[in-house]
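Let me begin by presenting the structure, written as structure tokens, before commenting on it.
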Amino acid sequence: MATRNRPLAETALLPELPGRRSERSSTAMGFAAIVLWSANIGIARSLAESVGALTSTALMFLVGGGLGMLVALARGRAGSIVRLPVPYLVVCGAIFVGYTVCLALAIGLSVNRQQTLEVAILNYLWPSLTLLFSIPILGKRVKPAFAVGFLVALGGVVLAPLRLRVWEPTTLAQNLVGHPWPYVLATIAAVLWGLYSNLSRKWAGLATTGAVPLFSLAAGCALLAVRPLFVEPSAWDTRAVVELLFMALFPTLIAYGMWDRAMRRGRVTLVVSASYAIPVLSTLVSAAYLQVPVAWNVWTACGLVAVGASLCHVSMKDGEVG
């Protein structure tokens with residue numbers, strides 16, 4: 001049998017490769033995660049303004065992770081989570097936590113809502129990075145056009161923080177030197193999510209379940225540990241409670257779980273290709289929710305990131321990531 005030489009923990013989770021039906025359902029979950037994430041930045045910024053970025057994100061992941069673990073216990077899947085491959089649990093778990101902390105800080109440290117939109121574009125470099133990291137991690141091969149696509153996407157990332165008076169040295173200094181940390185942290189978050197998407201495929205691709213609820217609880221605890229380092233006045237009202245519950249249930253628990261499943265068992269290239277629409281979709285939703293007029297540089301950056309990521313995708317020789 002093909003499973004005879006596999007580790008015991010791995011065969012206990014999945015004795016055979018997932019069928020086509022499982023692949024289709026996992027791919028559809030990836031599409032659904034993309035739609036749910038489109039509301040992530042706008043609502044997260046609104047919560048950060050009333051409750052605090054670290055406070056709200058910590059509660060989001062604690063509530064979402066807690067609900068996820070309760071569901072796993074009710075379905076008898078808690079044991080499967082702890083039997084997942086150790087590299088996936090430890091390394092991917094640490095990357096998940098690091099990504100969460102970096103993105104929460106990037107949103108919370110943004111000086112205004114306009115910078116929040118720019119930070120979102122920086123974070124959306126992750127589809128291109130997912131394809132880039134698949135070369136060393138999953139052994140994928142690319143055509144020379146890959147470099148062109150990556151540079152185009154990078155151009156969008158560089159353009160995002162620049163406002164209308166981009167060519168004035170003083171304005172450039174204010175944007176990139178005066179308040180650099182949101183941009184730096186958002187870029188680090190993009191790198192971490194690109195790594196997570198590939199390593200989860202590499203180490204837990206055969207597993208029937210993921211550890212997102214466990215990772216979410218760990219991320220919530222990490223955010224609570226960092227919380228005392230920052231001054232975050234909190235003002236709770238009905239809107240903040242509704243936003244928190246929405247974020248905990250949909251973009252956190254459901255979307256991250258669906259994405260993890262799509263990366264492990266779905267058609268990764270197809271899902272990552274669909275994620276190229278996230279910058280534009282998220283900018284539309286966030287701008288409408290936050291009532292922020294979108295400047296020309298943000299729209300241009302969205303287009304560059306999406307086009308660049310698309311070029312990266314079509315330059316993959318075997319047409320599949322993982």
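Annotations
- Criterion violated by A94 - all others in (1) under 30 Å from E49 (Cα atoms); (2) in contact (Cβ under 8 Å) with a residue 60 or more places away in the chain satisfied: (2)
- The residue of region 33-92 that is surrounded by the most Cβ atoms within 10 Å (Cβ to Cβ), among those that are of a type in the set (S, T, Y) and within 16 Å of C221 (Cα to Cα), is T57.
- Scope region 13-30; condition at pLDDT below 90, among the hydrophobic types (A, V, I, L, M, F, W, C) and either touching a Ser or Thr at 6+ places or on another chain (Cβ under 8 Å) or part of a helix (DSSP H, G or I) (or both); matching residues: L13, L14
- Selection within region 110-134 - aliphatic (A, V, I, L, M) and over 27 Å from L311 (Cβ atoms): V111
- When I95 is tested against (1) modelled with pLDDT of 95 or more; (2) surrounded by 22 or more Cβ atoms within 10 Å (Cβ to Cβ), just one condition goes unmet, and that condition is (2).
- Conditions (1) under 22 Å from L105 (Cα atoms); (2) under 16 Å from the mean Cα position of the chain (by Cα); number of the one not met by A277: (1)
- The single condition from (1) modelled with pLDDT of 90 or more; (2) in contact with a Gly (Cβ under 8 Å, 6 or more places away or on another chain); (3) not small (G, A, S) that V184 fails is (2).
- Residue, modelled with the lowest pLDDT, within region 112-139, restricted to residues that are buried (at least 18 other Cβ atoms within 10 Å of the Cβ) and among the β-branched types (V, I, T): I121
- When residues of region 45-75 are limited to those that are free of Cβ contacts under 8 Å to residues at least 24 places away in the same chain and in a helix (DSSP H, G or I), the one nearest to the chain's Cα centre (by Cα): E49
The values are calculated or read from the model by the stated rules, or taken from the named source; none is laboratory data. Only a predicted model underlies this, so the values are computations on that prediction, with no experimental measurement involved. Positions of Cβ are generated from backbone atoms using ideal geometry, with glycine treated the same way; all protein chains shown enter the neighbour counts.
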